[in-house]
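Notes for the one structure printed next.
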Amino acid sequence: MIQSYKKKHDIEEHYDVIMIGSGIGCLSTAAILSKEGKKVLVLERHYTAGGFTHVFKRRGYEWDVGIHYIGEVQRKNSAIRLLFDYITNSNLKWADMGPVYDRIIIGKKSYDFVKGVKNFRNKLVEYFPDEESSIKNYIDLIFSSNKATSKFYMSKVLPNFIDIIIGRFMRKDYLKYSNQTTYEVLSKITKNDELLKVLTAQYGDYGLPPKQSSFAMHASVVKHYFDGGSFPIGGSSRILETIDPVIENSSGTILVNAEVQEIIVKNNTATGVKMNDGKEFYAKTIISGTGVFNTYEKLIPEKVNQQHKLNSKLNKINPSVSHGCLYIGLNGSPEDLNLPKNNLWIYPDKGSHDQCVDEYLNDIDAPFPLVYISFPSSKDPSWNKRYPGKSTIDVITLLPYEVFSKWEDTKWMNRGGEYDNLKEKIAQRLLNCLFHQLPNIKDKVDHYELSSPLTTQNFVNYKKGELYGIDHNPDRFNQTFLKPKTQIKNFFLTGQDIVTAGVGGALFSGLLTASAVTGKNLLNRIKPKK
């Protein structure tokens, strides 16, 4: 049964804008358009809104499912902070994680990523004193790649006739970096395999190891955290809670348990959506933030799909990596348990990232190619007031969708004993990895449960339970159809598929899509007034 997220307005039949999905891409787009005076309807198929920004609660604990740390928001003049402030009316607050944001653990060695570019460089030189020039060159390349970003993404909102004239010139500098793999770029500046492994240790933040990932994607993530990491005070549910009033202020509303069956297209013009229960809503503008695979394979009428040869475009991209997350609840406060704020990235001692991934994909019983551990209860200064005497930990690793595909037609929480046994086996392996790092918490675990790619498929509705939409390999950035405006009139896309992985990418997709819809450069709206 369709329900309002928070009942403030009556449900109407006609709106200015209909958003399909309620992830951060849709929420960002909806808030920006609401501030432009548009009445927006946000439709979410699940009982909770927010996409990867939502939380779930169980047995007296709360877990954030997708927000583990955000970069650049501690600088009040950064673009990402300005945009977050704009879409939340500055009601979303952030807590700095401290001087170390990521600790890289390879075998028995560890390496700290510390905030501040100079500090980051000096720390790496301490670890690799013979590689000082390589480290300097690396940081220069990170900034050079990111400098080319703005023109590349602005080209995505150009009108078609202007894009034909100048679009390729706006993209060319960025493509010099995006068309190379991370390994191709870094192997030119150092031959030190250990340094290469350390520099690329955040590849889990975008899903592909160095020989497969686009260097531009790698550079974007690395720069994003140069100023450290932050966490939303009050947990990631505060993102939705602070955006919702902005949407409501323009008489918009968010509906949950509201699954769209099909986008209504007449004479190549999107006019509305048909719901699973047969109800129809209409709007001048329809926007999908459910990912390009979901949108074009499930929501667009087949006749329209064939007309624009959409499947042939989808054949040029791949779903990104799928994952599993072990959600752990512990007795004891973060201070009592001495839990850190920084994340842990744990890797096997031997083999490159690519080799370890290949071995694992061929045999899931092989060592995990990476294990990421986050301590959300330590990062949130409001946690102890909300959950006194409790703590939480998230442990994440790659989990191939194919290992779980035989249960894809079963229902969540009722997939059978064999499925549960496989999950328990993986959970125990992840717990052992955690206890190896923090042996003092072994007898403090009160509850744990493992999500699988099918869990992500169920709640976020991605095709194969993928974490980052579509793969961030070099080919991805050459696909010019990955932009807000589609070939169907009045129909637009938003979300990380048209920008890059993660919350930051999806957040900025909202700005791009809203600019494409209105025909205005809305970047000027978020800039502070002088």
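Every number in this text was worked out from the coordinates using simple rules, so none of it is lab data. Please read all numbers here as calculations on a predicted model, not as lab measurements. Here the Cβ is made from the backbone with ideal geometry for all residues, glycine too, and neighbour counts use every protein chain on show.
When only Cα pairs below 8 angstrom with a gap of at least 6 residues are kept, the chain shows a relative contact order of 24 percent. Under the convention that each Lys and Arg Cβ holds +1 and each Asp and Glu Cβ holds -1, the size of the dipole of region 401-530 around its Cα centre is about 1000 debye.
Maximal additional length on extending the residue 308-residue 132 stretch stands at 58.2 nm, based on 0.36 nm per residue less the C-alpha distance.
Take every Cα pair under 8 Å whose residues are at least 6 apart in sequence, average their separation, divide by the length of region 5-151, and the relative contact order is 12 percent.
For the peptides 235-243, 278-286, the ranking by mean Cβ contacts within 10 Å, running from highest to lowest, is 235-243, 278-286. Checking the table 350/442; 147/527; 309/483; 341/463; 38/309 against a 25 Å threshold on Cα-Cα, which pairs fail? From the list (350/442; 147/527; 309/483; 341/463; 38/309), the Cα-Cα distance tops 25 Å for 350/442; 341/463; 38/309. Residue separation of residue 298 and residue 443 scaled by 0.36 nm, minus their Cα-Cα distance, works out to 47.5 nm of gained length. Entry note, the chain: the mean residue ellipticity at 222 nm calculated from DSSP H runs of n ≥ 4, each adding -39500 (n - 2.57), is -10000 deg cm²/dmol after division by the residues and rounding to the nearest 500. When the GluC sites (Glu not before Pro) in region 1-45 are filtered for DSSP coil states and for at most 15 other beta-carbon atoms within 10 Å of their beta-carbon, the remaining sites are 12, 13.
Charge tally around residue 103: other residues with Cβ under 12 Å, Lys/Arg +1 each, Asp/Glu -1 each, net +1. Charge tally for residue 485 (other residues, Cβ to Cβ under 15 Å; Lys, Arg +1; Asp, Glu -1): +4. Peptides 511-520, 439-448, 489-498, ordered by how many other C-beta atoms sit within 10 Å of their residues on average, highest first, read 489-498, 511-520, 439-448.
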